[in-house]
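What follows is a single structure, written as structure tokens, with notes after it.
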Amino acid sequence: MSIKRFVQLFVLYFLSIVIAVPLTNLLKVDNALLSYFIISVIGYITLTLPLTIMTIKKEKNK
């Protein structure tokens, strides 16, 4: 795994948090467990979608 891939992973991880937390606050969820669940799901989606797309594009270029 190259440094470039680690940096991409970190940036996408950071963006998933930056996107998930404000969206959860926007929904005004009072229950902590529900809030953690929503953050986890949104974070997972915003993290895996770009990584999957980048992997598919990388495979097509080979």
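Number of Lys-Lys pairs in the chain with C-alpha atoms under 20 Å apart and a separation of 8 or more places or on different chains: 4.
A crude spin-label estimate for the pair VAL18 and ASP30, with each label 7 Å from Cα along the Cβ direction, gives 3.2 nm. Evaluating 6.51 cos²θ - 1.76 cosθ + 1.60 at θ = phi - 60° for every residue in the stretch 26-36, the Karplus couplings come out as 5, 6, 6, 7, 8, 6, 5, 5, 5, 4, 4 Hz, glycine and proline recorded as x.
For the stretch 43-50, backbone phi angles converted through the Karplus equation (6.51, -1.76, 1.60; θ = phi - 60°) give residue-by-residue couplings of x, 4, 5, 6, 8, 7, 4, x Hz, Gly and Pro being listed as x. Calculation over all alpha carbon pairs of the chain in 5 angstrom steps from 0 returns a P(r) of 4, 18, 22, 19, 14, 10, 7, 4, 2, 0 percent. Helical runs assigned H by DSSP (4 residues or longer) give the chain a calculated mean residue ellipticity at 222 nm of -32000 deg cm²/dmol, each run adding -39500 (n - 2.57) before division by the residue total. As an exercise, use a Förster radius of 25 Å and the Cβ-Cβ distance of PHE6 and ASN61 to find the FRET efficiency, rounded to the nearest 0.05. Calculated value: 0.80.
Per atom type, the chain shows carbon and sulfur on 73% of its accessible surface, probed at 1.4 Å.
The values are calculated or read from the model by the stated rules, or taken from the named source; none is laboratory data. On a predicted model such as this, the values are computed, not experimentally measured, just so you know. Here the Cβ is made from the backbone with ideal geometry for all residues, glycine too, and neighbour counts use every protein chain on show. The protein model used for the area step is the full one, side chains on, heavy atoms only, and it has no ligands, DNA or RNA in it. Shrake-Rupley method; radii C 1.70, N 1.55, O 1.52, S 1.80 Å.
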